[in-house]
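Worksheet for the structure shown next.
Where a number appears in this text, it was derived from the coordinates with a stated rule and is not lab data. Computed from a predicted structure; not experimentally measured. Quick reminder, even Gly has a Cβ in these numbers, built from the backbone with ideal geometry, and neighbours come from all protein chains shown.
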Amino acid sequence: MKTPKYINLKGFLLFQILYELHRNKRLCGDELAEIIGKKKGEKLTPGTIYPALKYLRRKKLVSYKKEGRKKYYRLTEEGKKEYLLCKRIFVKVFKGLFAKKI
């Protein structure tokens with residue numbers, strides 16, 4: 001997929017992670033990278049996904065449970081609240097933006 005030349009859409013990564021964890025309940029970093037990467041049309045690198053997960057952990061929006069070698073992430077109660085607030089704002093801002101076919 002071609003990427004925009006002047007507009008950077010990277011700011012949506014944290015929201016996408018919260019969305020996927022809300023939708024799937026628990027995912028490991030590799031699964032998150034694969035799901036989000038498919039939607040973006042490009043592979044996410046560990047250098048992209050893991051710093052974002054670390055940031056969300058520090059803010060207490062996600063937690064993880066280690067199972068074998070993998071860490072499975074899930075939303076905390078604060079993370080659920082943050083996701084719902086972000087979703088409300090996102091819908092309000094972008095509602096109707098793509099009402100017509102592009």
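Pull up the cross-link candidates among the aspartates and glutamates for Lys5, meaning alpha carbon to alpha carbon under 17 Å and not fewer than 8 places away within one chain.
Glu42
For the chain, modelled as a Gaussian network with Cα springs under 10 Å, which listed residue fluctuates most, Gly41, Gly68, Gly11?
So, out of Gly41, Gly68, Gly11, the one fluctuating most is Gly68.
Among Phe98, Tyr83, Tyr19, pick out the residue whose Cα is farthest towards the positive end of the charge dipole of the chain, where Lys and Arg carry +1 and Asp and Glu carry -1 on C-beta, about the Cα centre.
Farthest towards the positive pole: Phe98.
Taking the alpha-carbon distance from Lys43 and a cut-off under 20 Å, which aspartates and glutamates remain once sequence neighbours fewer than 8 residues away in the same chain are dropped?
Glu20, Asp30, Glu31, Glu34
Charges only on Cβ, +1 for Lys and Arg, -1 for Asp and Glu: so what's the dipole of the chain about the Cα centre, in debye to the nearest 20? List each step's numbers first, then the result.
Working: 29 positive and 9 negative charges, 34 e Å.
It comes to approximately 160 debye.
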